[in-house]
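The values are calculated or read from the model by the stated rules, or taken from the named source; none is laboratory data. Keep in mind that this is a model prediction, so the values were computed, not measured. Note that each Cβ is placed from the backbone with ideal geometry, even for glycine, and that neighbours are counted across all protein chains shown. Ligands, DNA and RNA are excluded from the accessible area calculation, which covers all protein heavy atoms including side chains. Shrake-Rupley method; radii C 1.70, N 1.55, O 1.52, S 1.80 Å.
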Amino acid sequence: MTPHPAPDEPPLPDADSSPIPAADAPPRPDAEAVAREFTAHRGRLFGLAYRMLGSAEEAEDAVQDAYLRWSGAERAAIVHPGAWLAKVVTHLCLNRLTSARATRERYAGPWLPEPVLTGAGVPGAPGAGPLESAERRDDVSTALLLLLERLTPAERAVYVLREAFGYPHREIADVLDLGEANCRQLYGRAVRRVAAPGEDGAAARFDPPAPERRRALVESFVTAAREGDLAGLEKVLAADVVWWSDGGGRVSSARRPVRGRDAVLRFLAGVSRRTEEGARNTVAEVNGAPGVVTHVGGRLVSVTSLEPGPDGRIARVRVVMNPEKLAYATRQFAALPGTGG
């Protein structure tokens, strides 16, 4: 993955420093001006927090906490607002990652990242910077977010700041309060871990099909699933396909991955018999790639990411059904024009 050019910002000041202002310090800006300046950075901060945490809800909380610190900080101590805020959000996320690990170990069934809608015109997409160019949307793919779960919090921070936001190691060291050489070592380990094969032996990353081919593959899957066309599903599923369902113990879902095409076809046959009447499947861009969103009676009930394998067929299917994890995507849908939100 080719990193972005480094941001045009010098080394970061200490985000927690609060020196006593000089007697001739400029007057404190009003609350509206403070909020307006923060808003200019909010999309980028959310993108950083989402990549760090894999949770849109937690990312929003981190950004809100950053705003509280921003609104209470002494303006004279903040020379470069974007750099200061990036440091604050990164450290807030590092604190959250430590507790999140313990929570995920107790999670009921497979844990998957919270899905987000991406693409042009989607409100609340994670990051107004990198996601404006289509080639950067892989930075928030479900597959990559899962690979980042292999990393320690510090490795994840270095990897995200370097790969998704193009920070040079000198500035990453300032963000994390670490030595530059240490950051380079953390980055090297992170790259190796992300590139390593997964537990199921599949290659971690490879060049996916062109966007139009990938969308056609997803549309073929949706059509075959809707019509109960098992032969059609067999054509689009790889022989070693794996299906994950994240219900979080809140809704009925498979507690273990379903492995192999025959097993997945049997699973889908059983699911189709239990599918609620009136379910509507729509192809939409989810985490930077075509996915499937399912509504029942206007209520979002699942978001599915489908990842092609090296043979161009669907090799990984990840379905988020936990209502708590669908809250952010539900708000995104409600805010889209023409949805009545």
Only one of these conditions is not met by Leu112: (1) in contact with an Asp or Glu (Cβ under 7 Å, 6 or more places away or on another chain); (2) surrounded by fewer than 22 Cβ atoms within 10 Å (Cβ to Cβ); (3) not in a helix (DSSP H, G or I). Which number is it?
-> (2)
Report yes if some residue within region 326-334 is under 14 Å from the mean Cα position of the chain (by Cα) and under 22 Å from Ser272 (Cβ atoms); otherwise report no.
-> yes
With (1) over 18 Å from the mean Cα position of the chain (by Cα); (2) modelled with pLDDT under 95; (3) hydroxyl-bearing (Ser, Thr, Tyr) as the list, and Tyr187 as the residue in question, which single condition is left unmet?
-> (2)
Please work out which residue is modelled with the lowest pLDDT, limiting yourself to region 136-159 and to residues that are over 18 Å from Ala100 (Cα atoms) and basic (Lys, Arg).
-> Arg136
Filter pass, Ala289 being within 24 Å of Glu58 (Cβ to Cβ), open to solvent by 20 Å² or more (accessible area, probe 1.4 Å) and within 22 Å of the chain's Cα centre (by Cα) = no
Hey, among Ala239, Ala279, which residue is loosely packed, with under 15 Cβ neighbours inside 10 Å and more than 27 Å from Tyr328 (Cα to Cα)?
-> Ala239
Would you please list the contacts, defined by Cβ atoms under 7 Å and residues six or more apart or on different chains, that run from a residue in region 200-220 that is at pLDDT 80 or above to a residue that is surrounded by 14 or more Cβ atoms within 10 Å (Cβ to Cβ) and charged (D, E, K, R)?
-> none
Scan of region 204-257 for residues that are among the acidic types (Asp, Glu), within 21 Å of Ala279 (Cα to Cα) and part of a loop (DSSP other than H, G, I, E, B), ordered by number = Asp229
Regarding Arg318, is this residue open to solvent by less than 50 Å² (accessible area, probe 1.4 Å), of a type in the set (Lys, Arg) and within 22 Å of Glu57 (Cβ to Cβ)?
-> yes
Can you pull out the residues in region 232-271 that are closer than 18 Å to Val218 by Cβ and small (Gly, Ala, Ser)?
-> Gly232, Ala238, Ser245
Could we say that Arg266 is open to solvent by 20 Å² or more (accessible area, probe 1.4 Å) and under 16 Å from the mean Cα position of the chain (by Cα) here?
-> no
Inspect region 44-63 for any residue being at pLDDT 95 or above, in contact with a His (Cβ under 9 Å, 6 or more places away or on another chain), part of a helix (DSSP H, G or I) and open to solvent by less than 10 Å² (accessible area, probe 1.4 Å) and give the result as yes or no.
-> no
Please enumerate the residues belonging to region 75-95 that are open to solvent by less than 50 Å² (accessible area, probe 1.4 Å) and either hydroxyl-bearing (Ser, Thr, Tyr) or not in a helix (DSSP H, G or I) (or both).
-> Ile78, Thr90
